[in-house]
Amino acid sequence: MEQTNINRTKRGRFRNLEDMWIRMKRNKLAMLGLVILVILILVAIFADFIAPYSFNEQNLANQFQKPNKDHWFGTDDLGRDIFSRVVYGSRISLRVGFISVGIALIVGTAIGAVTGYFGGRVDNLLMRFIDVLQSIPDILLAIAILAALGPGLANLMIAVGVASIPGYARIVRSSVLSIRDMEFIEAAKANGSSNFRIILKHVIPNCLAPIIVQATLGVAYAIINAAGLSFIGLGLEPPTPEWGAMLSGGRSFIRDYPHMTIFPGLAIVTTIFALNVMGDGLRDALDPKLKR
């Protein structure tokens, strides 16, 4: 009997995913964002084959070249190929975005699920901590963490991830509060399931829709925050080809050689656009009110 219920649940979830994909395909803008994101991921994976030069290959005889057939995006003040650096920069920016969101997602989901399910003193204690974090702007909290830990890729991902935890914790807690008293949770308790099993197998799976949407949009915010931190010198150190650091390096020459900032800026804008429209499409596809 229990196995039959499990199989029915699995079939129901598969149908829900299929319905979601059908609604997602109707949103042309969301599909455009998905295509752009897939292309960016492929560029990051195959950067070694796509980039014509090494990201740190210097040639002072070629410095400040404008876009041409040999250097599609031109060169910077050290003669490095900007196209190659933008391509390799996709690895850094996407890695920071996804891993930072992963940190925030795991910690925030755990806090939100525990506080929403148990309530009481546990809820008061953990949510007051979340309130303290949320009272500090994300970028300022990330700056404070980086100031304590120092620059570097790992520290940057930790800083951006920790600064994003409150948003995930509150979204998950709100979802858990709305389902913890439903009949299937009571049935699981009556069958002798532990609280940990109920949270893992029943509560969190029913909160996935808002989590997925928040995570998709969160990657965009993480990339922006990481670029901003690198822009002010608290992110990755040279010669790492991070888009925000490239913007910072080119701002001194923006009047005479604007291509040094235009192309890294366009990379950031394109990535954020793709993630935002895809996140909006996922939100609409997962909205129960749109189901037919």
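On full extension, the segment bounded by ALA61 and VAL38 gains 4.7 nm, given 0.36 nm per residue less the C-alpha separation. Using the Cβ of ASN276 as centre and a radius below 14 Å, the other residues enclosed give a net charge of -1, where K and R count +1 and D and E count -1. ALA47 sits among other residues whose Cβ lies under 13 Å from its own Cβ, and their net charge, with Lys and Arg +1 and Asp and Glu -1, is +1. With 0.36 nm allotted per residue and the present C-alpha distance subtracted, the ARG128-LEU29 stretch has 31.7 nm of extension available. Taking the number of Cβ atoms within 10 Å of each Cβ as an exposure proxy, the fewest-first ranking of SER100, SER90, SER174 is SER174, SER90, SER100. Here the Karplus relation 6.51 cos²θ - 1.76 cosθ + 1.60, evaluated at θ = phi - 60°, turns the backbone of the stretch 273-280 into coupling constants of 4, 4, 5, 5, 5, 5, x, 4 Hz, with x for every Gly and Pro. All other residues whose Cβ lies under 12 angstrom from that of LEU177 are scored, Lys and Arg at +1 and Asp and Glu at -1, for a net of +1. Checking the cross-link filter: which aspartates and glutamates have an alpha carbon closer than 12 Å to that of LYS28, excluding same-chain neighbours under 8 positions apart? Here the aspartates and glutamates satisfying the reach criterion relative to LYS28 are ASP280.
Using a Cα-Cα cut-off of under 14 Å, which aspartates and glutamates could be cross-linked to LYS66, ignoring same-chain neighbours fewer than 8 residues away? Straight-distance partners of LYS66: ASP76, ASP77, ASP81, ASP256.
We did not get these values from a lab; they are worked out from the coordinates using the rules stated. Note that the structure is a prediction, hence the values are computed from the model and not measured. Positions of Cβ are generated from backbone atoms using ideal geometry, with glycine treated the same way; all protein chains shown enter the neighbour counts.
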